[in-house]
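Engineer: Got a structure for you, written out below as structure tokens; questions coming shortly.
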Amino acid sequence: MTTIEHEVLDLNNPAPELPPSSSLTARGVSAWFGDHKVLERVNLDMPAGEVTALIGPSGCGKSTFLRILNRMHELVPSATLSGTIALDGDDIYRGDIPVTEMRRRIGMVFQKPNPFPAMTVSENVIAGLKLSGVKATKSDRRDLVESCLQRAGLWNEVKNRLGAAGGALSGGQQQRLCIARALAVKPSVLLMDEPCSALDPTSTRRIEETIAEIAHEVTIVIVTHNMQQAHRVSNTAAFFLAGEGEPGHIVESGDTETLFTNPADPRTLDYVNGRFG
Amino acid sequence: MPNLTTPDIATTNIEMTAVPDLIETEQRIGLRSIDPTAVFAVVGAAFGAMAFVWLLFTQFTAAGTNIGMFVVWYLVFITMIWVIGREQYDPVRARDLVARVVFWSAGLIIVVPMIAIATYTIAKGVTALTPNFFFQDQSRVGPLSPARVGGASQAIVGTLEQVAIAAIISVPLGILVAIYLNEVGGRLARVVRTIVDAMSAIPSIVAGLFIFASFILAFGGQLSGFAAGLALAVLMLPTVTRTTEVVLRLVPGGLREAGLALGATEWSTTRHVVLPTARSGIVTAVILGVARVIGETAPLLLTTLGAVSMNWSPFEGKQSALPLYVYRLFQLPQEVAIQRAWTGALVLLILVFVLFVTARIIGGRGPGHISRFRRARLAREGLA
Amino acid sequence: MQVIDPSIALEGTTPIEEERVRPVTRRTGADRAFRLTTFGAGTLTLVLMGVIGLFLLVRSWSAISAAGLSFFTTSAWQPDGGAFGIAAVLLGTFLIAFVALGFAVPLAAGGALFITDYAPSKIKTPLVWLVDLLAAVPSLIYGLWGRAYLQPKIIPISEWISTHLGFIPFLKAKPGAGFAASTFIAGVVVALMVLPICTAVMREVFSQAPAGEKEGALALGGTRWGVVRDVVLPFGRGGMVGASMLGLGRALGETIAVTLIISPTFDITRLTHPLETGGNSIASLIALRFSESSSFGISALMAAGLALFVITLLVNAVASLVVSRSRSGASTEI
Ligand SMILES: Nc1ncnc2c1ncn2[C@@H]1O[C@H](COP(=O)(O)OP(=O)(O)O)[C@@H](O)[C@H]1O
Ligand SMILES: [Mg+2]
């Protein structure tokens, strides 16, 4: 079992030296799968404590970009990249912080809800502790379960079913469980890749409320195909586009309200109004 | 009797009624209804063929055997179905009807050996199945003792120990290899997979020869239960590896990514996410591996020869084993010895059956099955 | 509002050269140990396979060098008294296996098609279970049952075939030769033993026949048999060959059931009359002679075992190749 000492997860000592949330900066980020270039020099600022929405048609590299942000990109054997990603000014690819530590600081919620099926609801929430071999007292664990489920807006629904299997919840509950699980390792950034695309409208609303509630304590980067959702939840937005057979790039980025109402590029206007993509 | 026809909706006359009160009386169309013509064809052919066989065997040829008569009957039966089908429908549907009957017969024939083997073994083995079969050995048994005297305790203990040794070696190794193939990978993985496949084809007697050549001749080990366990481990390894690999492959990749995205190491993700998710499948793999080797006889002939009295130690001296016990006694001339052999065979069959059913029950459980023990622990911690 | 032209990166970096890197994942000590351990386990299986061949070769060397090429042409087995070779036992091994496949392959194909395309859905799962259970029944029990129950039932059939089909030379039994303990009976018992494994593999293959094509054929007014003949069988052809080869591998290596049934003979003429009493196989030769052999005799048996090992590996390799090359094989496990 690995025991990695790092302060972020020390429950008794909630890491005062770290800011509650961090900024992410991408500069000149390009990505390849084999020799297929899928991202072209992306520059984007994702300010601390804000919600940044990534929009754009399918296949333009949003997920790839998101996975570069927490070093999941390199799990694909043929994947390469260039450029820099800075978390509060430190390049996450070149610093001497191990990749596991980096991923803990930059959490991720996936498109398809994926609670661990062999774990109960409560075990799912504290899975991050178990997976990184962090010891915690019984009461700390209990408190963590409750607070994370509260923040993910799930506590009232599952407080009597903590011992049920994670897979026994509904799709929307599962996704909020995944958010609670990600929050439990106290990340300073949370990446969400189309977290609502597999959910019904009601569950989608609950997730949006959750995002609004946690936005002030953790920086959020969310990919969504739902324009209203992007408009509702984000402060900043970036529009990705890939030409025919070309890598994806950012057409335009900045304040959400401006991007949606008065964009500089006509393609952005077309896209946010549903005229293509 | 199966329904022998394809549903023929076109000929069903549907009355269109728009009267709402009549809705309760709506009639469902029987989509799988039995076509009387086909039933007639099959039943008629069966009796016709029977008559033919009776004529052939009693009137024209002198001797007949049960199976021979059956074979002739079946051939005539099929031909007659075909002829009747042609008369009643057309050649295409006649062939379809014949194919149906042939495939149903093949399905039946697969079932027959299991029933025959099970009933025969039970009938032969049950007479000498007494408690002392499990608690006494053969040391006091003379050539004329009745079958109910003495038992196979030395063989049962030997088999349990030998299979345990095989499992202790091949289960961890097999699971590690499966993890290598599915979780770690690399350039060598394909070669390893091919070799594991090839290994599952090794004849069991060759596994025995190998252990004799290596453990006994080259390293000076003795003929013992341990040597037998080694040989069984060679046979068990590919079963455990391949079955485990299949169940690991069923674990969704998204779970591994979720683990890694929480900042876990690969080892930790495998240990806490992948393996628990595949747990029931892995248990099944182990049980099937045990079932695969528990009745193996050939390798034991070369590694532990057998013994009539109890030898608790697998490391020193020859040990008996249930398959060896059965094999040896079956070849003795005495009727009682053969009876004992059948009892041993029955116990083996029961063991395999129980292992198999257990494997299926456990394997059928989803990953969300939370044991009572675990639930209680979680409740103590206030997490459930 | 910030509009970014992809060809112009910020902060004046020249857009021409990009430093393309594969990120270095620094693994923790635990992960390096994890990778190393599992890699070691994988390598160990490779080594084990090599070591099996090596030990058999080393131990059989004295016999092989003494016999030379005559090892493949001699049919007698008298390692201590002169000549020994695998000509007869090898022939016997293949004869039993061919008889077995002759029965098992058509039955397995029929049974597998029954399970995938004909059986009512209610009995499908129990049938699949049953086939798997049959595969787990020890060969010892097949042998016992074959000798005690099946053999007396088959002898009259052998007799009948010999009398009525005796115009085919190898089916004619010599007068007075007897029909018990024959290659034919051993073959039938081995057929029942390889039946489940063949059925299981073929079922797996047939069940992957494209549902779209099957429905298409039905929609065109085809009968069920038409679907099986035009879609399922062509699709599963490679898998059927692979399953048969797999069964062949099992049949060649089967020891105890064959040993329990045949009465060993090294006489080629008797071997080539499968209905007559007398048969042989490499595996049963080893099982029967091992405990009474001198050390040179054991070396000779090791050589026979090595030959069996090589043959089964070859058969299995060809089986895997055929299955993986076929259309149905891409996603099939054998
Ligand atoms: N694992 C992979 N291997 C190869 N190509 C990939 C892989 N994942 C994504 N791609 C390719 O990268 C491009 C961008 O995909 P993605 O980032 O998933 O787009 P988006 O999330 O915007 O729909 C697509 O053309 C896709 O085919
Ligand atoms: Mg995507």
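Engineer: Measure off 7 Å from each Cα along the Cα-to-Cβ vector at residue A:48 and residue B:92, then give the distance between these two points in nanometres to one decimal.
Structural biologist: Spacing of the two 7 Å Cα→Cβ label points: 7.7 nm.
Engineer: When N counts the residues of the protein assembly as shown, how does its alpha-carbon radius of gyration compare numerically with 2.2 N^0.38 Å, as a ratio?
Structural biologist: 1.14
Engineer: For the pair A and C, how large is the buried accessible area, both sides, in square angstrom to the nearest 100, if the probe is 1.4 Å?
Structural biologist: Details: alone 12650 and 19190 Å², together 29440 Å².
Approximately 2400 Å², summed over both chains.
Engineer: Okay, moving on. Can you tell me which of A:174-185, B:331-342 comes out highest on packing, and rank the rest after it, using the mean Cβ neighbours within 10 Å?
Structural biologist: Order by mean packing, descending: A:174-185, B:331-342.
Engineer: If you don't mind, another one. Where does region A:118-172 land on Rg/Rh, using Cα atoms and the Kirkwood Rh?
Structural biologist: Working: Rg = 11.0 Å, Rh = 11.5 Å.
Rg/Rh for region A:118-172 comes to 0.95.
Engineer: If you don't mind, there's one more thing I want to ask. Once the cut-off is 17 Å, how many percent of the Cα-Cα pairs in region A:130-264 end up in the long-distance tail?
Structural biologist: Beyond 17 Å sits 64 percent of the P(r) for region A:130-264.
Engineer: Okay, moving on. Remind me, what semi-axes does region C:155-294 give for its equivalent ellipsoid, largest first in whole Å, using sqrt of 5 times each Cα gyration tensor eigenvalue?
Structural biologist: Details: eigenvalues 317, 88, 19 Å².
That gives 40, 21, 10 Å for the three semi-axes.
Engineer: Based on the inverse mean of 1/r over its pairs of different Cα atoms, what is the Kirkwood hydrodynamic radius of region C:64-326, in Å?
Structural biologist: For region C:64-326, inverting the mean 1/r across all distinct Cα pairs yields 19.9 Å.
Engineer: Using a simple spin-label model with points 7 Å from Cα along the Cα→Cβ vector, what separation in nm is obtained for residue A:264 and residue B:360?
Structural biologist: 6.8 nm
Engineer: So with the 1.4 Å probe, I'd like the accessible area per residue for chain A, rounded to whole Å².
Structural biologist: Computed with neighbouring chains in place, this is 37 Å² per residue.
Engineer: Short version: which residues of region C:79-117 lose at least 50 Å² of accessible area, all chains versus chain alone, 1.4 Å probe?
Structural biologist: Listed in order, they are C:107, C:114.
Engineer: If you line up the long axis of helix C:295-325 against the longest principal axis of chain C, both from Cα atoms, how many degrees apart are they, to the nearest 10?
Structural biologist: Computed tilt is about 50 degrees.
Engineer: Here's something else I'd like to know. What number does chain B give for Rg over Rh if you use C-alpha atoms and the Kirkwood radius?
Structural biologist: 1.11
Engineer: Relative to the compact globular guide of 2.2 N^0.38 Å, what is the alpha carbon radius of gyration of region B:153-381, as a ratio?
Structural biologist: Compared with the compact-globule rule of thumb, region B:153-381 sits at 1.17.
Engineer: Can you list residues from other chains, or at least 5 along the same chain, whose modelled amide H is less than 5 Å from the amide H of residue B:319?
Structural biologist: Distant-sequence amide H within range of residue B:319: B:225, B:306.
Engineer: Take peptide B:339-350, look around each residue's Cβ out to 10 angstrom, count Cβ atoms belonging to other protein chains, and average those counts.
Structural biologist: Per residue, the number of nearby Cβ atoms from other chains is 2 on average.
Engineer: How big is the B/C interface in buried accessible area, both sides summed, 1.4 Å probe, to the nearest 100 Å²?
Structural biologist: On the way: alone 23010 and 19190 Å², together 34570 Å².
The buried area between B and C, both sides summed, comes to about 7600 Å².
Engineer: Ordering A:157, B:266, C:292 by accessible area with a probe of 1.4 Å, largest first, what comes out? Could the numbers behind the result be given before it?
Structural biologist: Working: A:157 70, B:266 40, C:292 130 Å².
Ranked from most to least accessible, the order is C:292, A:157, B:266.
Engineer: Tell me the accessible surface of residue A:186 in square angstrom (1.4 angstrom probe, heavy atoms of protein chains only), to the nearest ten.
Structural biologist: 80 Å²
Engineer: Kindly work out what percent of the DSSP beta bridges joining two residues of the protein assembly as shown are antiparallel, to the nearest 5.
Structural biologist: Here the antiparallel bridges make up roughly 60 percent for the protein assembly as shown.
Engineer: Let me cross-check residue A:255: its accessible surface, 1.4 Å probe, with only protein heavy atoms counted, in Å² to the nearest 10?
Structural biologist: Result for residue A:255: roughly 80 Å² accessible.
Engineer: Using only C-alpha atoms and all pairs of different ones, pull out the Kirkwood radius for region C:3-147 in Å with one decimal.
Structural biologist: Details: mean 1/r = 0.0422 Å⁻¹.
Kirkwood hydrodynamic radius for region C:3-147: 23.7 Å.
Engineer: So, one more: Would you look at the GNM of chain A, springs on alpha carbons closer than 10 Å, and say which of A:114, A:156, A:43 moves the most?
Structural biologist: Highest fluctuation of the listed residues: A:156.
Engineer: Partner chain Cβ atoms within 10 Å, averaged over the residues of C:248-254 - can you pull that number for me?
Structural biologist: Mean inter-chain Cβ contacts per residue within 10 Å come to 3.
Engineer: On average, how many beta carbons from a partner chain sit within 10 Å of the beta carbon of a residue in B:365-371?
Structural biologist: If you average over the peptide's residues, the count of other-chain Cβ atoms is 5.
Engineer: Using the Kirkwood radius over C-alpha pairs as Rh, can you work out the diffusion coefficient of region A:31-116 via Stokes-Einstein at 20 °C, viscosity 1.002 mPa s, in µm² per second? Provide the component values of the computation, followed by the final result.
Structural biologist: Values: Rh = 14.2 Å.
Here the translational diffusion coefficient equals 151 µm²/s.
Engineer: Principal axes first, then extents: for the Cα atoms of region A:95-199, list largest minus smallest coordinate on each axis, whole Å, largest first.
Structural biologist: The Cα atoms of region A:95-199 stretch 42, 36, 23 Å along the principal axes, largest first.
Engineer: Summing -39500 (n - 2.57) over the DSSP H runs of n ≥ 4 in chain B and dividing by its residue number, what mean residue ellipticity at 222 nm do you reach, to the nearest 500 deg cm²/dmol?
Structural biologist: -20000 deg cm²/dmol
Engineer: Continuing with the same structure: Pop out the carbon and sulfur fraction of the accessible area of the protein assembly as shown as a percent, whole number, probe 1.4 Å.
Structural biologist: 62 percent
Engineer: Whole angstrom only: what separates the Cα centroid of region B:89-131 from the Cα centroid of region C:92-141?
Structural biologist: Region B:89-131 and region C:92-141 have Cα centres spaced 11 Å from each other.
Engineer: Which whole-number value in Å² is the accessible area per residue of region B:153-381, probe 1.4 Å?
Structural biologist: I get 35 Å² per residue for region B:153-381.
Engineer: Would you mind computing the Rg to Rh ratio of region B:121-166 from its alpha-carbon coordinates, Kirkwood style for Rh?
Structural biologist: 1.05
Engineer: Right, here's the next one. Angle, helix C:29-67 long axis vs. longest principal axis of chain C, Cα atoms, 0 to 90°, nearest 10?
Structural biologist: Taking the Cα atoms of chain C, the angle to C:29-67 is about 30 degrees.
Engineer: Still on this structure, I have one more. In terms of solvent-accessible area of protein heavy atoms at a 1.4 angstrom probe, what is the ranking of B:325, A:93, highest value first?
Structural biologist: Final ranking, largest accessible area leading: A:93, B:325.
Engineer: Further question: Return the value, in Å² to the nearest 100, of accessible area buried between chains A and B (probe 1.4 Å, both sides summed).
Structural biologist: 2700 Å²
Engineer: Run the simple label-point estimate for residue C:54 and residue B:246 please: 7 Å along Cα→C-beta, distance reported in nm.
Structural biologist: Between residue C:54 and residue B:246, the label points sit 3.2 nm apart.
Engineer: Could you report the accessible area of residue B:308 in Å², rounded to 10, computed with a 1.4 Å probe on the protein chains as they sit in the structure?
Structural biologist: Estimated to the nearest 10 Å², residue B:308 gives 100 Å².
Engineer: Under the √(5λ) rule applied to the eigenvalues of the Cα gyration tensor, what semi-axes describe the equivalent ellipsoid of region B:270-366? Give them in Å, descending.
Structural biologist: Details: eigenvalues 231, 57, 16 Å².
After scaling each eigenvalue by five and taking roots: 34, 17, 9 Å.
Engineer: Can you tell me the FRET efficiency between residue B:335 and residue B:309 if r is taken as the Cβ-Cβ distance and R0 is 25 Å, rounded to the nearest 0.05?
Structural biologist: After rounding, the FRET efficiency stands at 0.65.
Engineer: Looking only at B:254, B:364, B:208, which one moves most when chain B is put into a Gaussian network model with springs between Cα atoms under 10 Å?
Structural biologist: B:254
Engineer: Another one. Given Cα pairs under 8 Å that are at least 6 residues apart, what percent is the relative contact order of chain B?
Structural biologist: Result for chain B is 17 percent.
Engineer: While we're on this one: Before I look further, what does region C:64-326 give for accessible area per residue, probe 1.4 Å, in whole square angstrom?
Structural biologist: Result: 37 Å² of accessible area for each residue.
Engineer: Pop the C-beta distance of residue C:237 and residue B:145 into the FRET formula with R0 = 51 Å and round what comes out to the nearest 0.05.
Structural biologist: My answer for the efficiency is 0.35.
Engineer: If R₀ is 30 angstrom, what is the calculated FRET efficiency for the pair residue A:228 and residue A:143, using the beta carbon separation as r and rounding to 0.05? Numbers along the way, then the final one.
Structural biologist: Details: r = 36 Å, r/R0 = 1.20.
Approximately 0.25, to the nearest 0.05.
Engineer: Determine the residues within region C:198-239 where the difference in accessible area between the chain on its own and the full set of protein chains amounts to at least 40 Å²; count protein heavy atoms only and use a 1.4 Å probe.
Structural biologist: Buried by the other chains: C:223, C:225.
Engineer: Take A:231, B:272, C:273 and sort them by solvent-accessible surface of the protein heavy atoms, 1.4 Å probe, largest at the top.
Structural biologist: A:231, C:273, B:272
Engineer: May I pose another question? Any chance you could check region C:263-288 for residues losing 20 Å² or more of accessible area when the partner protein chains are in, compared with the chain on its own (1.4 Å probe)?
Structural biologist: By number: C:286, C:287.
Engineer: Okay, moving on. Identify the residues of region C:140-171 with backbone N under 19 Å of a label point that sits 7 angstrom from the Cα of residue B:79 along the Cα-to-Cβ direction, or state none.
Structural biologist: C:161, C:164-166
Engineer: Quick check on my link table: of C:124/C:214; A:112/A:186; A:37/C:214, which ones sit more than 30 Å apart, alpha carbon to alpha carbon?
Structural biologist: The pairs that break the limit, which is 30 Å between Cα atoms, are A:37/C:214.
The values are calculated or read from the model by the stated rules, or taken from the named source; none is laboratory data. All values derive from a computational prediction rather than experimental measurement. Ideal geometry is used to build each Cβ from the backbone, glycine not excepted, and the neighbour counts take in all protein chains shown. Surface accessibility is based on the protein's heavy atoms, side chains included, excluding ligands, DNA and RNA. Shrake-Rupley method; radii C 1.70, N 1.55, O 1.52, S 1.80 Å.
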